[in-house]
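All remarks here apply to the structure that follows.
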Amino acid sequence: VQLQASGGGLVQAGGSLRLSCAASGLPFNRSAMGWFRRAPGKEREFVASINWRGDDTVYADSVKGRFTISRDSAKNTVYLQMSSLKPEDTAVYLCAGSRRLITSKYAGQYGYWGQGTQVTVSS
């Protein structure tokens with residue numbers, strides 16, 4: 001299984017970025033997908049999750065209303081559209097794949113992890 005995240009970079013506060021995660025080797029159309037992040041000196045935290053069909057999503061309170069998770073089953077890709085970015089959003093963003101169909105905020109529910117992409121938001 002391979003999860004390749006991309007789209008990170010340096011952006012000013014208030015700006016936008018779209019992250020992508022291309023999945024291979026897992027039953028993408030039968031897997032919930034998630035995004036997590038790890039900021040310097042902090043533990044990994046949940047960001048967003050989407051169910052296998054793409055019709056149910058859940059977000060961390062800190063990103064609700066600013067971030068949108070989506071998926072394209074034809075491309076085996078999950079996206080994270082990030083808007084109104086804040087310096088506290090600076091982190092390595094990790095893509096995760098689940099063996100379950102439904103959304104989850106818990107890292108333990110995800111069996112597959114990518115290496116992540118760096119997002120840096122300047123003030």
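The values are calculated or read from the model by the stated rules, or taken from the named source; none is laboratory data. All of these numbers come straight from a predicted model, not from anything done at the bench. Every residue, glycine as well, gets a Cβ built from its backbone with ideal geometry; the counts of neighbours run over all protein chains shown. The protein model used for the area step is the full one, side chains on, heavy atoms only, and it has no ligands, DNA or RNA in it. Shrake-Rupley method; radii C 1.70, N 1.55, O 1.52, S 1.80 Å.
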Give the residue list of GluC sites (Glu not before Pro) in region 31-111 that are DSSP loop and have at most 16 other beta-carbon atoms within 10 angstrom. GLU43
Along its principal axes, what span do the Cα atoms of region 7-53 show, with the longest given first and each in whole Å? 36, 23, 18
Please give the peptides 16-23, 102-109 ranked by average Cβ packing (other Cβ atoms within 10 Å per residue), highest first, as a rough proxy for protection. 16-23, 102-109
Protein-only accessible surface order, largest first, of SER123, SER98 at 1.4 Å: SER123, SER98
By the scheme Lys and Arg +1, Asp and Glu -1, what is the net charge of all other residues having a beta-carbon under 14 Å from that of GLY65? +1
Taking a probe of 1.4 Å and leaving out DNA, RNA and ligands, the chain shows per residue an accessible area in Å² of 51
Heavy-atom accessible surface of region 1-113: percent carbon and sulfur, 1.4 Å: 45
How compact is region 21-88 by the rule of thumb for globular proteins, expressed as Cα Rg over 2.2 N^0.38 Å? 1.16
